[in-house]
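Undergrad: Pasting a structure below so you can have a look.
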Amino acid sequence: MSEKVVVIYSGGMDSFTLLHRARASGHEVHALSFNYGQRHVRELECAEAVCKTLAVPHKVVDMSPMASLMTGSALTDAIGVPEGHYEEDNMKSTVVPNRNMILLSLATGYAVSVGAQAVWYGAHGGDHAIYPDCRPEFVSKMDAVCRVANYEPVGIEAPYMQMDKGQILSEGLAMDLDYSQTWTCYNGREKACGRCGSCVERLEAFAHHGLTDPLPYEVEV
């Protein structure tokens with residue numbers, strides 16, 4: 001009997017790979033996406049299209065009315081999106097306050113309602129320096145809480161916790177995934193900017209494999 005899991009699916013390349021990993025592992029997958037007022041809402045359109053093609057049950061939670069409680073991030077407010085590597089200190093402006101704790105709590109409630117044994121999300125090793133809610137200690141504590149918060153224990157799993165973007169891409173390439181079905185750029189424009197931290201990390205992952213990213217960019221890549 002396969003395990004039922006809820007995958008938090010943003011529509012980006014990490015969660016896209018994670019969704020397919022869960023399916024390839026034989027799990028029954030329920031995808032859950034969140035609109036928390038992010039400017040790169042285009043990723044939700046990608047998530048919807050992929051789930052429709054795969055016939056994966058997919059829910060989108062509209063958290064935009066709560067946006068006033070999670071202010072101060074370049075992803076949600078009228079603040080310029082910083083450019084360059086994630087290691088740069090200014091990338092901290094892309095932190096959305098308490099985002100993953102909120103998303104994982106809601107996903108755990110959904111998991112209980114559909115009878116899922118675990119919630120998966122795509123935190124990875126490259127996130128550790130900037131995002132506190134993508135670090136191993138956070139995942140460990142959330143897992144412990146979510147296993148006792150309901151009558152039905154729900155595990156919190158981050159399978160890519162010890163992997164970087166290039167390693168995640170490697171796994172996806174082995175599954176022959178089409179990354180034109182994803183969106184990574186933090187800017188919500190027609191083409192990916194190629195300069196924000198998210199784009200830079202993505203482009204470096206493709207370059208590491210000697211490949212060209214299938215997404216269109218505003219800059220020559």
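The values are calculated or read from the model by the stated rules, or taken from the named source; none is laboratory data. Note that the structure is predicted; figures quoted are calculated from it, not measured. Cβ coordinates were reconstructed from backbone atoms using ideal geometry, including for glycine residues, and neighbour counts include every protein chain displayed. Quick note on the areas: whole protein, heavy atoms, side chains included, nothing else; ligands and nucleic acids left out. Shrake-Rupley method; radii C 1.70, N 1.55, O 1.52, S 1.80 Å.
Undergrad: What is the one condition in (1) closer than 29 Å to ALA24 by Cα; (2) surrounded by 17 or more Cβ atoms within 10 Å (Cβ to Cβ) that GLN181 does not satisfy?
TA: Only one criterion is unmet by GLN181, namely (2).
Undergrad: I need a count of the residues in the stretch 55-91 that are surrounded by 14 or more Cβ atoms within 10 Å (Cβ to Cβ) and modelled with pLDDT of 90 or more.
TA: Residues meeting the conditions: 5.
Undergrad: Moving on to the next point. Just to check your reading of the model, which residue among SER113, SER140 is polar (S, T, N, Q), in a helix (DSSP H, G or I) and over 19 Å from the mean Cα position of the chain (by Cα)?
TA: SER113
Residue-wise test of (1) open to solvent by 10 Å² or more (accessible area, probe 1.4 Å); (2) over 24 Å from ARG42 (Cβ atoms); (3) among the charged types (D, E, K, R).
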site	(1), (2), (3)
ALA111	no, yes, no
ARG147	yes, yes, yes
GLY155	no, yes, no
LYS165	yes, no, yes
MET175	yes, no, no
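Undergrad: Within the stretch 23-44, which residues are assigned to a helix (DSSP H, G or I) and under 14 Å from the mean Cα position of the chain (by Cα)?
TA: The answer is ARG42, GLU43, LEU44.
Undergrad: Do the conditions hold for LEU215, that is, is it at pLDDT 95 or above, more than 19 Å from ARG99 (Cα to Cα) and touching a Leu at 6+ places or on another chain (Cβ under 9 Å)?
TA: No, not satisfied.
Undergrad: For the stretch 159-173, give me the residue count where each residue is closer than 12 Å to ARG21 by Cβ and in a loop (DSSP other than H, G, I, E, B).
TA: 3
Undergrad: So, one more: Just the residues that are assigned to a helix (DSSP H, G or I) and not charged (D, E, K, R), please, taken from the stretch 98-110.
TA: ASN100, MET101, ILE102, LEU103, LEU104, SER105, LEU106, ALA107, THR108, GLY109, TYR110
Undergrad: Separate question: hydroxyl-bearing (Ser, Thr, Tyr) and closer than 13 Å to ALA118 by Cβ: which single residue out of SER15, SER2, SER10, SER33 fits that description?
TA: Answer to the check: SER2.
Undergrad: Please go through the stretch 174-221 and give me each residue that is out of contact with any Phe, Trp or Tyr (no Cβ under 9 Å at 6 or more places or on another chain) and in a helix (DSSP H, G or I), ordered by number.
TA: ALA174, SER180, GLU204, ALA205, ALA207, HIS208
Undergrad: Among the residues of the stretch 1-22, which ones are small (Gly, Ala, Ser) and more than 12 Å from the chain's Cα centre (by Cα)?
TA: Within the stretch 1-22, SER2, ALA22 qualify.
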